[in-house]
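The values are calculated or read from the model by the stated rules, or taken from the named source; none is laboratory data. The shown structure was predicted, so the numbers you read here are calculated from the model rather than taken from an experiment. Note that we place each Cβ from the backbone using ideal geometry, even for glycine, and neighbour counts take in every protein chain shown. What goes into the accessible areas is simple: the full protein's heavy atoms, side chains included, and nothing from ligands, DNA or RNA. Shrake-Rupley method; radii C 1.70, N 1.55, O 1.52, S 1.80 Å.
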Amino acid sequence: MTERIGRCMRKTKETEISLSINLDGQGKNRINTGIPFFDHMLHGFARHGLFDLDVDVKGDLEVDCHHTVEDTGIVLGQAIADALGDKAGIKRYGSFILPMDEVLALCAVDLCGRPYFKYDAEFTVQRLGGLDTEMVREFFYAVSYSAAMNLHLKILDAGNNHHMAEAMFKAFGKTLDAATMAESRMQGVWSTKGSL
Ligand SMILES: [Mn+2]
């Protein structure tokens with residue numbers, strides 16, 4: 001398989017983002033979104049997906065964290081799609097149940113080219129560091145439609161809110177790693193329709 005590195009740059013009046021992801025990396029990352037808690041989440045995603053991830057975001061945090069988090073999701077999704085190309089020879093599906101102490105998070109992905117998003121997680125605090133907890137949903141929703149993936153995220157067992165957010169980001173990393181992995185027995189695109 002050739003090098004699978006996706007890059008995306010995006011500039012609006014609200015945010016300026018540059019991001020690159022190597023799907024076959026080692027979890028090395030350089031992340032600066034201006035929101036330390038969000039950096040911590042993306043770090044967990046990259047480390048546990050073994051993705052090399054560079055993220056630089058200058059967002060209008062003087063407003064709130066909304067544009068910064070949502071737009072980072074859009075750009076990450078586009079970079080994933082860019083890295084995957086025609087998706088030939090990959091496993092396509094992935095799922096993972098990730099425990100983090102008392103919390104259990106489920107993630108399932110189909111890199112099918114049809115965006116779908118299902119999310120079931122209820123936080124009991126409004127904010128974790130500088131991240132509004134309602135933005136966790138917005139982030140993953142943005143990733144799902146901009147990468148055109150079917151993404152399911154569900155908290156099976158709730159608990160500490162920091163654990164819940166972190167478990168979902170790590171579960172997404174493990175799941176995306178599984179779905180993007182090469183399948184040596186598969187020639188071409190794994191779909192009965194012939195394209196993904
Ligand atoms: Mn943590």
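Grab the DSSP H runs of the chain that are 4 residues or longer, score each as -39,500 (n - 2.57), total them, divide by all residues and round the 222 nm result to the nearest 500 deg cm²/dmol.
Computed ellipticity for the chain at 222 nm equals -11000 deg cm²/dmol.
Residue farthest toward the positive end of the dipole of the chain, with Cβ of Lys/Arg at +1 and Asp/Glu at -1: which of Gly173, Thr133, Ile35?
Positive-most Cα among the choices belongs to Gly173.
For region 190-195, take each phi angle, set θ = phi - 60°, evaluate the Karplus expression 6.51 cos²θ - 1.76 cosθ + 1.60, and give the result in whole Hz per residue in order, putting x for glycine and proline.
Taking θ as phi minus 60°, the curve returns 7, 7, 5, 8, x, 8 Hz for region 190-195.
State the extension gain, in nm to one decimal, for the chain segment bounded by Ala182 and Lys91, taking 0.36 nm per residue of separation less the distance between their alpha-carbons.
Result for the pair: 32.1 nm of gain on full extension.
Within the set Lys28/Lys87; Lys118/Lys193; Lys11/Lys154; Lys58/Lys193; Lys28/Lys154, which residue pairs have Cα atoms separated by over 29 Å?
Lys11/Lys154; Lys58/Lys193
Which value, in debye to the nearest 20, gives the size of the charge dipole of region 1-118 about its Cα centre, when Lys and Arg are +1 and Asp and Glu are -1 at the Cβ?
Roughly 500 debye for region 1-118.
Sequence-distant or interchain residues sharing an amide H contact under 5 Å with Arg127, placed H: which?
Thr133
Check each of the trypsin sites (Lys or Arg not before Pro) in region 14-115 and keep only those in coil by DSSP with at most 14 other C-beta atoms within 10 angstrom; list them in order.
Lys28
Please list Asp101, Asp86, Asp110 from largest to smallest accessible area, probe radius 1.4 Å, with all protein chains kept in place.
My answer, sorted largest first, is Asp101, Asp86, Asp110.
Looking only at region 106-196, where both bridge partners belong to it, what percent of the DSSP beta bridges are antiparallel (to the nearest 5)?
Approximately 60 percent, going by the DSSP bridge assignments.
Between 0 and 90 degrees, rounded to the nearest ten: what's the tilt of helix 36-49 against the longest Cα principal axis of the chain?
Roughly 20 degrees between the two axes.
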